[in-house]
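The values are calculated or read from the model by the stated rules, or taken from the named source; none is laboratory data. As the structure is a prediction and not an experimental result, all values here were calculated from the model. For neighbour counting, all protein chains shown are included, and Cβ atoms are generated from backbone atoms with ideal geometry for every residue, glycine included. Ligands, DNA and RNA are stripped out before the accessible areas are found, and what is left, the full protein with its side chains, is counted by its heavy atoms. Shrake-Rupley method; radii C 1.70, N 1.55, O 1.52, S 1.80 Å.
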Protein chains: 2
Amino acid sequence: MASETEAVPRAYKVIGTRPIRHDGIEKVTGQALYGADVTLSGMLYGKVLRSPHAHARIRSVDTSRAEAHPDVRAVATSADLAALGDAPDGSAAALSLKLVRDNVLASDRVLYRGQAVAAVAAASPHVAEEALALIDVDYEVLASVTNVKAAMAPDAPVLHEHLLDDQGGGTNVAVHEQHRWGDIEAGFEQAALVFEREFRTKTVHQGYIEPQNGTASWTPDGRLTIWCSSQGHFGIRDGSARVLGLPVSQINVVPMEIGGGFGGKLKVYLEPVAAVLSRKSGHPVQLTMSRIDVLEATGPTSGSLVRIKLGVTTDGRITAAQAYYAFESGAYPGAAPIQAAAAAILAPYQIDNILIDAYDVVDNKPMSSAYRAPGAPIVVYAVESVIDEICEALEMDPVEFRLLNVAEEGSRRADGVMNGRIGARETMDAIRAHPHYSAPLDDKFTGRGVGMGFCRNNTGPSSVVAHVLSNGTVSLVEGSVDIGGSRTAVAQQLAEVLGIPVTDVVPTVADTDTIGYTSSTGGSGVAFKTGMAAYEAAHDVVRQIVGRAALVWDVPDEQLEYADGALRHKSDPELRLSFKEIAGMLDETGGPVTGRATLNPTGHGGSYSADIVDVEVDPETGKVQILRLTAFQDAGTAVHPAYVEGQIQGGTVQGIGWALNEEYFMSEDGRLLNSSLLDYRMPTSLDVPMIEPVIIEVPNPGHPFGVRGVGEANIVAPLAAVANAVYAAIGVRMNDIPMSPAAIVRALNEKTAGTASS
Amino acid sequence: MASETEAVPRAYKVIGTRPIRHDGIEKVTGQALYGADVTLSGMLYGKVLRSPHAHARIRSVDTSRAEAHPDVRAVATSADLAALGDAPDGSAAALSLKLVRDNVLASDRVLYRGQAVAAVAAASPHVAEEALALIDVDYEVLASVTNVKAAMAPDAPVLHEHLLDDQGGGTNVAVHEQHRWGDIEAGFEQAALVFEREFRTKTVHQGYIEPQNGTASWTPDGRLTIWCSSQGHFGIRDGSARVLGLPVSQINVVPMEIGGGFGGKLKVYLEPVAAVLSRKSGHPVQLTMSRIDVLEATGPTSGSLVRIKLGVTTDGRITAAQAYYAFESGAYPGAAPIQAAAAAILAPYQIDNILIDAYDVVDNKPMSSAYRAPGAPIVVYAVESVIDEICEALEMDPVEFRLLNVAEEGSRRADGVMNGRIGARETMDAIRAHPHYSAPLDDKFTGRGVGMGFCRNNTGPSSVVAHVLSNGTVSLVEGSVDIGGSRTAVAQQLAEVLGIPVTDVVPTVADTDTIGYTSSTGGSGVAFKTGMAAYEAAHDVVRQIVGRAALVWDVPDEQLEYADGALRHKSDPELRLSFKEIAGMLDETGGPVTGRATLNPTGHGGSYSADIVDVEVDPETGKVQILRLTAFQDAGTAVHPAYVEGQIQGGTVQGIGWALNEEYFMSEDGRLLNSSLLDYRMPTSLDVPMIEPVIIEVPNPGHPFGVRGVGEANIVAPLAAVANAVYAAIGVRMNDIPMSPAAIVRALNEKTAGTASS
């Protein structure tokens, strides 16, 4: 199917167009409702008491003074969450629940500053906030550790008693995972040159604009309704059920609009707390985070330590690749994206001999969350930097080098997955063919770099229901939260099958009681999985309306065909009905028509990306200015090119921020020193030029329209591309990020010192 | 199937049980959300300016002073509603739209006191109310007419210019409908005795406790969301679309809980007004009615004039039946339930010769709405009273007389519909067999009466979607507003097919964007039509899980069977999975499972009812006390017997209120004089004894479980039964209702005077 699709591109009518998104006007005019816009009769406001310590034992939590306050309507602590059950204390099940629970409301220990310990509900948020001072927590402060290298040191304070090393001693290494292919020693023996470098990246936050929030209403029959902004309300339902000890069927989660997530809005934080406060007060309760709460107590992504060793022949073939990387998991184990990193680390290349050692390491920071292409930017930054250095050594064009080693269908990724039809070569070809690649660069202190990127993407169960309205429009009910325009991208796939305009589709993201289970909006999966569900649901509609017409015309179903928005008899041209005409006849021919599809598709394709970036470095201030950036990405079939471009631009800017400025500044005692968006320095529109997106379309044979996920790969390439451009500009390899002005100046000074002393 | 069902009743596990309704605890604890509970950010409150005149021409509406008021955020008049379009003025389409529109906001004429003329929105409802005084309406007051007899008089003021009689003169008769079967003259010639009597009934209101309300939010992209309490949010959507000139797909109506409807919450009133105010103000707007608004300006049911003429042989066979009835339609034509009355009027009997003349008559009262078994109580009251008189004259037992003439399968109703399997005989048999029928009655001024009742019931399109959750529960999404426990009655039918407890079904009444078109909750249709959709959706689920298991076990679908909540291989007892087990395996075997059914079923069966009632009449005060009432009804299969009993009791009490006390007292100039629930006298729990319900089950062959509608027939029998009992008590035929104390005293005085003068 892939080759057919490529040879003769199908003439789509809706796929590939750029309609205004269904939720667009509502959002730009400020009328769209987000979690904090929920208002319910009698609603109370909750506030959370958070740990002032990065690491401490909790000796006691005394809420009696708060409970006695006449304006306090309810107080919640970890004692109100799910009991650890019949599982013996220390069993895996009980432990696993305890860790999840403790991240919502701590019980015996706090593991990061800002961790929630208790909460209060009152009619006014100000009263609730003041009443927090009436809760007495007795802490025994412990030594803390807030970076991965220190956390792995032999004398590091140990966070979790259950984590033991091979010798039975305490450790902060939660997971060690190894991927091995071929013969790594033999591979390096074949190499003429071997490069080994070490890289460090800092903890960065997704930086979504809308803080976490949660509103809950617990009715006396034990039914719980939660309103929140998340990337997956089914995940919030399941997470809340677990933390509260409720069956999933007792909770309905209503998805509100979401003001950015990027992987950071998959976990429960406030929702179970709101639920407890509602149960105890008998009122709906709403909680929202401040920006400080968001930065201190939600999940940023891992800081890391990475070592890359590549062996190459003199003619530029990579013979062996070895990687060591340790990612922060934050306070609780298993949260570092080490597996996703293994998928991406060498994805653009075909390498026979690979050895990867990956570590998930706990430290006294908030528990890590996914961040756009989880793990990939960190390790790809390292690999692409080393490749740049190799190309320089071999005096090879960096694109030629990459093409020489390019991964193809049938080759294997580092995580063992066999590549299907991928677009690595097409993406590299696109760099080479782009005018930017050969455009002149003037002035000193400017440089050009390139870098590849990759995200494996993801899939999962998805459900779509489509109701045909009497006026020939279709209401499309889906379970995928819309972050980046997926209402429209999914509606386009439904409309394409039905041959109707996408404006005739009214999409709704329904609550968990109203639509079937749908996995979260993440892994760039929605346009793929929910789009495919929409495709199937549309075909289910077609089958039914064929049946209706067959009934009306008294002919067998098989004599009819549906195409271009109309039903016809294959041999009788008199018998023809447009979709609108049929829609108006449904009630009389057996009732309304509802199509449905539920699936858990495999065959989602990974997406390749690449950047060409020109920078100028101010040697005085160390400021790196992005002069020009062309961002390439294989979108499979671009369902809505404008939104693909938007994803490319957005991801690229986040990658630039990660490369140049963003980082968690931690004090010695584990406090975040830059806990505001003034000090946590994300790029603004003034910091970046217009990013030029280039969409490459290598249709994914695993999807009927060839769709690949497009949300993530774009954040991966900028880190190395910028670092490589900075090297080209100033001759310094920046193997630690962010390449902040201070870091650049320091590196330049070191270089000068080195040159002077040599 | 019917006979089989009767011979060997199927052993249901869920059907016929009495679980607590899913919405029960929420409702009794006051946590259920009704329309007026809706609170939205920035929401304004609207108030409606209503006509002080029963009939007037509107010369002008000047809103400029109100618009200039700084606290007024928007003003709405009829000019803001749908334009009459390209249809030539006076065309049927334009006229029809104009009438609907004028009942929402009047344009050139007001036709009843309380009719909406304009509306104002402000941040406070009090400010909005005060600002109404700033709207200047110039009325030319016209003569009014507020009862059907006066409205049909030759010199009556004419309400609608387009209504013309045969001679081209103005008339208030909007519709004259005739039903004729057999040879009416011959029928009366065969009769030994002919009785002809005239009856009058007053306008009565449904008396639901929750007043009408509507909240609307109109976003700048033209999408409109409406929250309201109604019997059918799809009807509110369609009605609002029409009045506002919007496509139905642009409106989403969110159904809130409903505090009673009984037919009175099918039309739009406030919703389009809220929508206009929201569009003009840019804010959500909420309106709620006061009790005065409800009584003056929503749809009560018709007052009437009825003439019945019956011919019988000496041995008690009815040879001919003639009826004349004129029903008030109120301000706008076509709203009187004259057709439904024709279905019910003679339904218990098999009569060969029938002539019915039915009239729909406009007068200066609010436009009539349906009220529980529309029209049937009025005409059945008349017929059953005449039959009682005939039985007395023939000295026949009233049940024996009825059984002699009983309608059976294959006989024809007055409206021409051929009876299917009906329960008329079984209902009469039940009266005769009941101890109440032969229980002694002591004291003078007490009397016993019987009466039959019937409702044809209704059906319509319905949609159900059922999602299987991973824990083996099912979320049931339906479009039928739940008034009387239908969430549970529908869930029971789903649970029966799946073999799971009804508590494992989580029902949701979804908004119009989220579920397929579903006709209103009326005509006792939900347990039938939506129940059948749930039955079909459950079978759709079963088909899919059979397919999954066939895949897992690698056997053909046909070798598997699903029964008693489990799937088994027909010949391999090892292969067995419970529903819960399968539910936990869905994601891995192809994704979630969603069942769906959309249908527009015929085959809904009519329901028969009957009452035995004992009364005591106080000759001094004229007060009628109901001593005992046994209420019979054929429920088909009683899905939830407790809710069937509740319907029987509720309908019976409403019938008693209609019989004894309720009426619109109108002043000469068309004002309602008893516009509060203190003065509009509905029965309270202190006014009636415990109603003893008797469920008769004659399964309906048109439904897989034999379900008939049960919501309405129960209101029909009490009117005549009470009148017949009053006759038995005091020897006076009460041919006008209500039989209020004043009317009884007057009748007793007339009787005494008559006896004295004779």
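Quick look at the numbers
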| item | result |
| --- | --- |
| Exposure ranking of B:L246, A:L295, B:L686 by accessible area [1.4 Å probe, largest first] | B:L686, B:L246, A:L295 |
| Hull shadow area, averaged, region A:221-263 [alpha-carbon convex hull, nm²] | 3.0 |
| Estimated 222 nm signal from helices in chain B, with DSSP H stretches of n ≥ 4 weighted -39500 (n - 2.57), rounded to 500 | -8500 deg cm²/dmol |
| Karplus (6.51, -1.76, 1.60) ³J(HN,Hα), θ = phi - 60°, over region A:345-361, in Hz, Gly and Pro reported as x | 3, 10, 4, x, 10, 9, 10, 7, 10, 9, 9, 10, 10, 10, 10, 10, 10 |
| Mean projected area (nm²) of the alpha-carbon convex hull when region B:321-430 is viewed from all directions | 7.4 |
| Carbon/sulfur fraction of accessible area - chain A, other protein chains in place, 1.4 Å, % | 51 |
| Residues of region A:218-333: accessible area per residue with a 1.4 Å probe, Å² | 22 |
| Bins of 5 Å from zero: percent of alpha-carbon pairs in region A:112-181 | 3, 12, 16, 15, 12, 10, 10, 9, 7, 4, 2, 1, 0 |
| Cβ-based charge dipole, the protein assembly as shown, positive-most Cα from B:A331, A:S78, B:V710 | A:S78 |
| Global geometry of region B:26-69, whether rounded, prolate or oblate, following the gyration tensor of its Cα atoms and the 1.5 cut on a/c | oblate |
| Accessible surface buried once B binds A (1.4 Å probe; total of both sides; Å²) | 3900 |
| Kirkwood Rh in Å, taken over region A:401-498 so that all alpha-carbon pairs contribute | 18.3 |
| Fully extended contour minus Cα-Cα distance, from B:R307 to B:R543, at 0.36 nm per residue | 79.4 nm |
| At least 40 Å² of accessible area lost relative to the chain alone, listed for region A:23-66 with a 1.4 Å probe | A:I25, A:E26, A:Q31, A:T39, A:S41 |
| Percent of Cα pairs exceeding the 14 Å cut-off, where the set is region A:627-692 | 65 |
| Options B:G245, B:T427, B:G207, ranked by Cα towards positive dipole end of chain B, top entry (Cβ charges) | B:G245 |
| Tail weight of P(r) past 19 Å, computed on alpha-carbon pairs of region A:506-648, percent | 68 |
| Over 25 Å [Cα-Cα, region A:17-149], rounded percent | 45 |
| Cα centroid separation, region B:462-490 to region A:385-426 (Å) | 53 |
| Along each principal axis, Cα extent of the protein assembly as shown, largest first, Å | 141, 70, 68 |
| Inter-centroid distance (Cα atoms) of region B:35-78 relative to region B:523-559, Å | 51 |
| Long-range HN-HN contacts of B:G709 with modeled amide H, under 5 Å | B:G605 |
| Shape of region A:449-529, Cα gyration tensor, a/c cut at 1.5 | oblate |
| Heavy-atom accessible area ranking, 1.4 Å probe, most first, across B:E750, A:E616 | B:E750, A:E616 |
| Hz values of 3J(HN,Hα) by residue in region A:318-327 - Karplus curve (6.51, -1.76, 1.60), Gly and Pro given as x | 7, 9, 7, 9, 10, 9, 10, 9, 10, 10 |
| Virtual spin-label span in nm between A:I209 and B:H176, 7 Å along Cα→Cβ | 6.9 |
| Cα-based Rg of chain B normalised by 2.2 N^0.38 Å, two decimals | 1.00 |
| Dipole of chain A, positive end: most advanced residue of A:A550, A:A36, A:I696 [Cβ charges, Cα centre] | A:A36 |
| Rounded to whole Hz, the Karplus (6.51, -1.76, 1.60) HN-Hα couplings of region A:183-191, x for glycine and proline | 10, 4, 5, 4, x, 5, 5, 6, 7 |
| Whole-number percent relative contact order across chain A, with pairs defined as alpha carbons under 8 Å at least 6 apart | 15 |
| Candidate lysines - alpha carbon under 27 Å from A:K280, same-chain residues fewer than 8 apart omitted | A:K47, A:K98, A:K265, A:K267, B:K27 |
| Solvent-accessible surface (1.4 angstrom probe) belonging to A:T288, in square angstrom, nearest 10 | 60 |
| Accessible surface, per residue, of region B:553-711 when the full set of protein chains is kept, probe 1.4 Å, Å² | 39 |
| For region B:573-615, residues shielded by at least 30 square angstrom of accessible area compared with the chain on its own, probe 1.4 Å | B:D587, B:G590, B:P592, B:T594, B:R596, B:T598, B:N600 |
| Stokes-Einstein diffusion coefficient of region A:504-571, Kirkwood radius over Cα pairs, 4 °C, 1.567 mPa s, in µm²/s | 90 |
| D_trans [Stokes-Einstein, Kirkwood Rh over alpha-carbon pairs] for region A:73-150, 37 °C, 0.692 mPa s, µm² s⁻¹ | 225 |
| Size of electric dipole in region B:102-161: Cβ of Lys, Arg +1 and of Asp, Glu -1, about Cα centre, debye, nearest 20 | 300 |
| Estimated dipole of region A:168-213 in Debye, rounded to 20 [Cβ of Lys and Arg +1, of Asp and Glu -1, Cα centre] | 240 |
| Net charge over other residues, Cβ less than 12 angstrom from the Cβ of B:L586 (K, R count +1; D, E count -1) | -1 |
| Gyration tensor over alpha-carbon atoms, region A:643-758, equivalent ellipsoid semi-axes in Å | 33, 20, 13 |
| Spherically averaged projected area in nm², based on the convex hull that wraps the Cα atoms of region B:191-278 | 9.0 |
| Enclosed volume per residue, in Å³, of the convex hull spanned by Cα atoms of region B:356-405 | 115 |
| Within-14-Å neighbourhood charge of A:L44 [Cβ basis; K, R +1; D, E -1] | +2 |
| Share antiparallel - DSSP beta bridges, the protein assembly as shown, percent rounded to 5 | 75 |
| Per residue value of the accessible surface for region B:375-446 (all protein chains in place, 1.4 Å probe), Å² | 38 |
| Total formal charge among the other residues, if their Cβ is under 14 angstrom from that of A:D360, Lys/Arg +1 and Asp/Glu -1 | -4 |
